[in-house]
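The values are calculated or read from the model by the stated rules, or taken from the named source; none is laboratory data. In this text the structure is predicted, and so the values were computed from the model without any measurement. Reconstructed Cβ throughout: ideal geometry from the backbone, glycine too, with neighbour counts over all protein chains shown. Areas reflect the complete protein model, heavy atoms only, side chains present, ligands, DNA and RNA absent. Shrake-Rupley method; radii C 1.70, N 1.55, O 1.52, S 1.80 Å.
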Amino acid sequence: IHQGDASNRSMYMVLAGTLHASVGTGDAMRVLSKMGPGDLFGEVSLVDAKPRSADVVAETHAKILKLSAEDLERLRRRFP
């Protein structure tokens, strides 16, 4: 995910591997968080269609589960 990308109304769960979220570039880059299995990112995108607020980069080989707003709505209807 790149800072400034259009929102796709999806959030993500890390199933395996490590990632980090950061803003800025080069010497001005600031790491906001490190993520591993069980962590979520992009959840604000589900309710806010603003552009992505940070870069998310895999530090190792990673498996990511994508949950779209439509996926979550189907789950809500099936399991109220």
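Checking each residue in the stretch 17-28 for being at pLDDT 90 or above and open to solvent by 40 Å² or more (accessible area, probe 1.4 Å) picks out only Thr18. In summary, Arg77 fulfils each of the numbered conditions (1) in contact (Cβ under 8 Å) with a residue 12 or more places away in the chain; (2) surrounded by fewer than 16 Cβ atoms within 10 Å (Cβ to Cβ) with the single exception of condition (1).
Scan the stretch 29-39 for residues that are open to solvent by less than 80 Å² (accessible area, probe 1.4 Å) and either on the phi < 0 side of the Ramachandran plot or acidic (Asp, Glu) (or both) and jot them down. Within the stretch 29-39, Val31, Ser33, Met35, Gly36, Asp39 qualify. Tell me yes or no: at least one residue of the stretch 45-56 is open to solvent by 50 Å² or more (accessible area, probe 1.4 Å), over 12 Å from Arg9 (Cβ atoms) and of a type in the set (A, V, I, L, M, F, W, C). No, because not a single residue in the stretch 45-56 is open to solvent by 50 Å² or more (accessible area, probe 1.4 Å), over 12 Å from Arg9 (Cβ atoms) and of a type in the set (A, V, I, L, M, F, W, C).
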